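**Student:** My questions all concern the structure below.
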Amino acid sequence: MTFDDQEWDRTARQETETERLDRNWASLVQELRVVQTGVQFLISALLILPFQAGFTTLSQPMRLLYLGTVSAAMGATVFLVAPVSWHRILFRRHRLGNVVAAAHRCAIAGIALLGLALTGAMILVMDTVAGTIAGAVAGVAVATLFAVAWVVAPWRWRHGRHESGG
């Protein structure tokens, strides 16, 4: 956060540093709740696949993609749940600033891994149902969609002027 942001919080919101940290933590927890549910659903769907009869027909490259996809989903889970553990361990230790900063970084990493896992899942499904070319096209399309919606658009707005939020 830059000095201008801190000054804006003080003047426009009339909030202290502690109030800002509390607000940021509450916002982050709400965001994590949304993505944690999706990741948990994705992992449950992925974990049952090897126990299905048709799984043995997957080619070696698709098995490797499956393993990468499961690994990305597990990594997303680790990063998206880590802030809860930190908050519990550091509870009442007056370290909310550290927790919010670290949780922000974990959320970014978790969201990136979720994007990779969802892209891998899309390739697996499309390859299995419609063939290799459809899988590749779907993978590129989904990865592009994630990049634009999750990175490019907010990054452009981030460097624009403040509209009304914080």
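The values are calculated or read from the model by the stated rules, or taken from the named source; none is laboratory data. As the structure is a computational prediction, the values presented were derived from the model and not from experiment. FYI the Cβ positions are ideal-geometry reconstructions off the backbone, even for glycines, and counts take in every protein chain you see. Remember, those area values only see protein heavy atoms, side chains included, never the ligands or the DNA or RNA. Shrake-Rupley method; radii C 1.70, N 1.55, O 1.52, S 1.80 Å.
Each row is one residue, and each column tells you yes or no for (1) open to solvent by less than 50 Å² (accessible area, probe 1.4 Å); (2) closer than 23 Å to P50 by Cβ; (3) assigned to a helix (DSSP H, G or I); (4) modelled with pLDDT of 95 or more.
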{"site": "I133", "(1), (2), (3), (4)": "no, no, yes, yes"}
{"site": "G139", "(1), (2), (3), (4)": "yes, yes, yes, yes"}
{"site": "A143", "(1), (2), (3), (4)": "yes, no, yes, yes"}
{"site": "A149", "(1), (2), (3), (4)": "no, no, yes, no"}
{"site": "W155", "(1), (2), (3), (4)": "no, no, yes, no"}
{"site": "G160", "(1), (2), (3), (4)": "yes, no, no, no"}
{"site": "G165", "(1), (2), (3), (4)": "yes, no, no, no"}
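**Student:** Moving on to the next point. Quick check on this structure: which one of A103, A109, A82 is buried (at least 20 other Cβ atoms within 10 Å of the Cβ), in contact with a helix residue (DSSP H, G or I) (Cβ under 6 Å, 6 or more places away or on another chain), assigned to a helix (DSSP H, G or I) and touching a residue at least 12 places away in the same chain (Cβ under 8 Å)? Write out each step before concluding.
**Tutor:** Values: A109 fails: buried (at least 20 other Cβ atoms within 10 Å of the Cβ); A82 fails: buried (at least 20 other Cβ atoms within 10 Å of the Cβ).
From the options A103, A109, A82, the qualifying one is A103.
**Student:** Please count how many residues of the range 113-131 are among the polar types (S, T, N, Q) and modelled with pLDDT of 95 or more.
**Tutor:** The first filter runs over the range 113-131 and keeps only residues among the polar types (S, T, N, Q), leaving 119, 128.
Subsequent filtering for residues that are modelled with pLDDT of 95 or more retains 119.
Final tally of qualifying residues: 1.
**Student:** Shifting gears a bit: Can you tell which of A103, A82 is under 21 Å from E17 (Cα atoms) and at pLDDT below 95? Don't jump to the end; show me each part of the working.
**Tutor:** Values: A82 fails: under 21 Å from E17 (Cα atoms).
When all the criteria are applied, what remains is A103.
**Student:** For the range 13-59, which positions are within 21 Å of I123 (Cβ to Cβ), among the hydrophobic types (A, V, I, L, M, F, W, C) and within 16 Å of the chain's Cα centre (by Cα)?
**Tutor:** V35, V39, F41, L42, I43
**Student:** Let me ask something additional. With the requirement that a residue be touching a residue at least 24 places away in the same chain (Cβ under 8 Å) and open to solvent by 70 Å² or more (accessible area, probe 1.4 Å), what does the range 26-48 give you?
**Tutor:** Passing the criteria: E31, Q40.
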